[in-house]
Amino acid sequence: MSAADALPEPDRAGDAPHPRETERLFGQEAAEAAFLEAWNGGRMHHGWLLTGPRGVGKATLAWRIARFLLCDPPAQTDSLDPPPDHPALPRIRALSEPGLMLLRRAWDEKKKRLQAQITVEEARKLGGFFAMSSGGRRVVIVDAADELNPNAANAILKLLEEPPAQATLLLVSHQPARLLPTIRSRCRVLRLAPLPHDALVAAIAQAGGDPAGAELAEGSVGAALALAEGGAEIYAELTALFARAPMDRARARKLAESCAGRAGTDRLQMVLDAVDRLLYRAARAGLLGPGDGAEAEVLARLSPHDAAARDWARLAQEIGDRAGHARAVNVDPVAIVWDALARIDAQARKT
């Protein structure tokens, strides 16, 4: 294994197979059918925006589409499956296919960590890619478009406005509302929904995960894998913090400080995912009731009516925006988590 092969991949979920290595996509037949309808009808768009919650298969679908397009697809077909012996397949898996480029956060050799955003320096490599692959179909996967810094986003916008011949851009986006409106307007949208239970369990098994986290996963394979690898314990700690108001500040500080330093990078994402999960479930509880999960009593206290549901939904957007900006400018992870917890505490005191 080379040094490059050993670097962490920002578009891989934990120890699960990378989306380019995932053979099957479960539960997203409608999105696949929409793409095939465009292909069969000769209405292929040059830009596609794949949206939906984290972990529902957006990147896996992007790679399925890339394999389909780069393996000499017929003009009419009912499947995205490429010929199993096509010579481009091993090159795609090895990221050595000349017609394919993956744009993602790069490794910062100086700081020995992944960069917080996709930089314009990375986006500028697209110019060389299109210059070197002037013949045949070209595919670019951007995973995730939400991580483009402003200059990189403008570089992608220029490509969408003036697309090279036979180019297809596949933009994976967990939160498309944060993208430039001009980017959204120049892409055709494929919306992927949370997976139904049976598809979720099958997808978790394919990823080599434990279905124990399926109940809290809200139809997301990525969430289920994270929950089974420590995320469930973090979520339980988070809900315990808000079992009564005010929160235990010493306990909250301990949770925030667990995200400190380089070793806390993965934990920071898990804590922010837990925060997002709690806010989502609180908003839903105010509309539909708290359900019968382990945190039902906490949700009932936090969100007893629809007005509270709206407050939690607004807070989820606010905290997500603040955390995303703070991470982009390298704010201390402890401060990011503490800010989120303090805002939840302030809202909890109002209900």
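The values are calculated or read from the model by the stated rules, or taken from the named source; none is laboratory data. Quick caveat, the model's predicted, so the values are computed rather than measured. Ideal geometry is used to build each Cβ from the backbone, glycine not excepted, and the neighbour counts take in all protein chains shown.
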Which one of the conditions (1) touching a residue at least 24 places away in the same chain (Cβ under 8 Å); (2) under 27 Å from Leu70 (Cβ atoms) does Ser220 fail to meet, given that it meets all the rest? (2)
Out of Leu80, Leu89, Leu190, I need the residue that is touching a Pro at 6+ places or on another chain (Cβ under 7 Å) and either closer than 24 Å to Asn40 by Cβ or polar (S, T, N, Q) (or both). Which one? Leu89
Got at least one residue in the range 57-72 being assigned by TED's automatic domain parsing to the domain that holds Leu102, within 24 Å of Thr182 (Cα to Cα) and modelled with pLDDT under 95? no
Residues being touching a residue at least 24 places away in the same chain (Cβ under 8 Å) and under 17 Å from Arg244 (Cα atoms) - total across the range 300-313: 6
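Just wondering, is there one or more residues in the range 100-110 that are exposed (fewer than 12 other Cβ atoms within 10 Å of the Cβ) and either over 25 Å from Val189 (Cα atoms) or in contact with a His (Cβ under 7 Å, 6 or more places away or on another chain) (or both)?
From the range 100-110, those exposed (fewer than 12 other Cβ atoms within 10 Å of the Cβ) are 109-110; that's our starting set.
Still in the running and either over 25 Å from Val189 (Cα atoms) or in contact with a His (Cβ under 7 Å, 6 or more places away or on another chain) (or both): 109-110.
Scanning the range 100-110 turns up at least one residue that is exposed (fewer than 12 other Cβ atoms within 10 Å of the Cβ) and either over 25 Å from Val189 (Cα atoms) or in contact with a His (Cβ under 7 Å, 6 or more places away or on another chain) (or both).
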For the range 71-89, does any single residue satisfy the condition of being in contact with a strand residue (DSSP E or B) (Cβ under 6 Å, 6 or more places away or on another chain), farther than 23 Å from Gly135 by Cα and either assigned to a helix (DSSP H, G or I) or not aromatic (Phe, Trp, Tyr) (or both)? no
Limited to the range 111-138, what total is found for residues that are within 19 Å of Ala165 (Cβ to Cβ), of a type outside the set (Lys, Arg) and surrounded by 15 or more Cβ atoms within 10 Å (Cβ to Cβ)? 4
Could you list, ordered by first residue, the pairs with Cβ atoms under 9 Å in which the first is in the range 30-52 and on the phi > 0 side of the Ramachandran plot and in the same structural domain as Glu162 (by TED's automatic domain parsing) and the second is at pLDDT 95 or above and part of a strand (DSSP E or B), at least 6 apart or interchain? Gly52/Ser173; Gly52/Leu190; Gly52/Arg191
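Considering each of Glu297, Glu318 in turn, give the residue that is acidic (Asp, Glu), assigned to a helix (DSSP H, G or I) and within 20 Å of the chain's Cα centre (by Cα). Lay out the reasoning, then the answer.
Working: Glu297 fails: within 20 Å of the chain's Cα centre (by Cα).
Within the list Glu297, Glu318, the selection yields Glu318.
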Just to verify a result, which residue in the range 271-287, among those that are buried (at least 23 other Cβ atoms within 10 Å of the Cβ) and without any contact (Cβ under 8 Å) to a residue 60 or more places away in the chain, is farthest from Gly222 (Cα to Cα)? Gly286
Please determine, by comparing only the residues of the range 163-188 that are buried (at least 17 other Cβ atoms within 10 Å of the Cβ) and aliphatic (A, V, I, L, M), which one is nearest to Gly135 (Cα to Cα). Ala167
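Please determine whether any residue of the range 111-127 is among the small types (Gly, Ala, Ser) and either assigned to a helix (DSSP H, G or I) or touching a Cys at 6+ places or on another chain (Cβ under 6 Å) (or both).
Within the range 111-127, the first condition is being among the small types (Gly, Ala, Ser), and the residues that meet it are 116, 123, 127.
Then keep just the ones that are either assigned to a helix (DSSP H, G or I) or touching a Cys at 6+ places or on another chain (Cβ under 6 Å) (or both); that gives 123, 127.
Yes.
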